[in-house]
1. Among Ala116, Ile11, Ala94, whose Cα sits farthest toward the positive end of the charge dipole of the range 8-117 (+1 at Cβ of Lys/Arg, -1 at Cβ of Asp/Glu, about the Cα centre)?
2. Quick one: grab Rg to one decimal and Dmax as a whole number for the range 9-79, Cα atoms only, in Å.
3. Fewest to most neighbouring Cβ within 10 Å: what's the order for Lys111, Lys100?
4. Based on the Kirkwood radius over alpha-carbon pairs, what value in µm²/s does the Stokes-Einstein equation return for the translational diffusion coefficient of the range 1-128 at 37 °C and 0.692 mPa s?
5. How many nm is it between the label spots at Leu99 and Arg39, if each spot is 7 Å from the Cα in line with the beta carbon?
6. Report, largest value first, the span of the C-alpha coordinates of the range 47-112 along each principal axis, in whole Å.
7. Between Arg127 and Ala49, how high is the FRET efficiency from 1/(1 + (r/R0)^6) when r is the Cβ-Cβ distance and R₀ = 45 Å? Nearest 0.05.
8. Could you work out how far apart the two model spin labels at His88 and Ala69 are, taking each label as a point 7 Å from the Cα in the direction of the beta carbon, and quote it in nm?
Amino acid sequence: MIDDGTGLLTIGELARATGLTVRTIRYWSDEGALAPVARSAGGYRLYDAASVARLELIRTLRELGLGLADVHRVLAGETTVAQVAAAHVVALDAQIRSLKVTRAVLSTVAKRGSSAEEMTLMNRLARLSAAERRRIVEDFMAEIFEGIDTADPDIRRRLRFTAAKLPDDPTPEQVDAWVELAELI
């Protein structure tokens, strides 16, 4: 605390109190997330007890992966922490699904000893949407039954509705099976 009786902290004291670096605090201050409450006669930034609490919130939000734009929106009261957290959960779920697909493809490539071309095919197949995969199978089935008037409609219907489905987060075995199916198709 500076010795002028105001109870204000210099940026160095704020850093020691929070365990953050002066550089980090200065950056967040320069970005407008943590404005100093005053300046000393020498132009140094000064902060109060509320700044410590605000800094702890900023640090927590940043550690949870929020960008400074989201931090600004929370601090400005434009959105709540709960709303931002819900949006980030959705984004994290999408990243997790993508990582699971990547893991499944790489596991299959390692197991099969795949070439670069086969790995590319696996990755494309695994990242297709469910609708795109269904269309591929339906197009294949339509081609198979084209021109066959005597085929039992019940058999056609059962084959169409028993088509293999690759989930959004496939296992390596499911990716492997889809690659085999794609090779057949």
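Throughout, read-outs are computed from the coordinates displayed, never taken from laboratory work. Note that the structure is a prediction, hence the values are computed from the model and not measured. All Cβ positions, glycine included, derive from the backbone under ideal geometry; neighbour counts span all protein chains shown.
1. Ala116
2. Expressed in Å, the Cα Rg and Dmax of the range 9-79 come to 11.8, 37.
3. Numbers: Lys111 12, Lys100 16.
Placing the least packed residue first, the sequence is Lys111, Lys100.
4. Working: Rh = 18.0 Å.
Rounded to a whole number, D works out at 183 µm²/s.
5. 4.4
6. That gives 61, 21, 15 Å along the principal axes, largest extent first.
7. Numbers: r = 50 Å, r/R0 = 1.12.
Efficiency at R0 = 45 Å is approximately 0.35.
8. That separation, rounded to one decimal, is 1.6 nm.
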